[in-house]
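Colleague: Got a structure for you, questions after.
The values are calculated or read from the model by the stated rules, or taken from the named source; none is laboratory data. Note that the structure is a prediction, hence the values are computed from the model and not measured. Cβ placement follows ideal geometry from the backbone for every residue including glycine, while neighbour counts extend to all protein chains displayed.
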Amino acid sequence: LHVFSFFNDSFRNIVRVDVTGDDGESWVTSELTKGTEQKFGRAWAWTFWTCKVPAIVGLDGHVRLASKAVDLAFNVQPEKCSHTWNVRGLGNNSWYRTAIRAVG
């Protein structure tokens, strides 16, 4: 599965984005494309990335993907936001998860 997307954490530059197609059992490091040229400590714009991910197609015909980013200080997005949950969803920076219908 070939995946591409974008990510922005805070003012810190993104140095790596990892993607999984098997619920975190294995991870693939993406290739960062646009947005990596932002000035040190002034990375407020999107960082785009792309990668090929081995993924498992579920019985419902969907592939479930998750991604997590690592910034310049080696902060990693947490798997879940249960420790910071609030009614408005502020400060939620957990793994991004999505399901894609497999075709073919």
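Colleague: Does LYS68 satisfy being in contact with a Phe, Trp or Tyr (Cβ under 7 Å, 6 or more places away or on another chain), surrounded by fewer than 17 Cβ atoms within 10 Å (Cβ to Cβ), closer than 19 Å to ASN13 by Cβ and among the charged types (D, E, K, R)?
Modeller: Considered against the rule, which asks whether it is in contact with a Phe, Trp or Tyr (Cβ under 7 Å, 6 or more places away or on another chain), surrounded by fewer than 17 Cβ atoms within 10 Å (Cβ to Cβ), closer than 19 Å to ASN13 by Cβ and among the charged types (D, E, K, R), LYS68 comes out as no.
Colleague: Would you pick out the residues in the range 31-43 that are among the hydrophobic types (A, V, I, L, M, F, W, C), at pLDDT below 85 and either surrounded by 13 or more Cβ atoms within 10 Å (Cβ to Cβ) or in contact with a strand residue (DSSP E or B) (Cβ under 6 Å, 6 or more places away or on another chain) (or both)?
Modeller: Listed by number, the list holds a single entry, ALA43.
Colleague: Please go through (1) more than 13 Å from ILE100 (Cβ to Cβ); (2) modelled with pLDDT of 90 or more; (3) more than 14 Å from the chain's Cα centre (by Cα) for HIS62 and return the number of the only condition it doesn't satisfy.
Modeller: In the conditions (1) more than 13 Å from ILE100 (Cβ to Cβ); (2) modelled with pLDDT of 90 or more; (3) more than 14 Å from the chain's Cα centre (by Cα), HIS62 misses (1) alone.
Colleague: Answer yes or no: is there a residue in the range 13-25 that is surrounded by 14 or more Cβ atoms within 10 Å (Cβ to Cβ), modelled with pLDDT under 80 and over 17 Å from GLN77 (Cα atoms).
Modeller: Looking for residues that are surrounded by 14 or more Cβ atoms within 10 Å (Cβ to Cβ), modelled with pLDDT under 80 and over 17 Å from GLN77 (Cα atoms), one finds none in the range 13-25, hence no.
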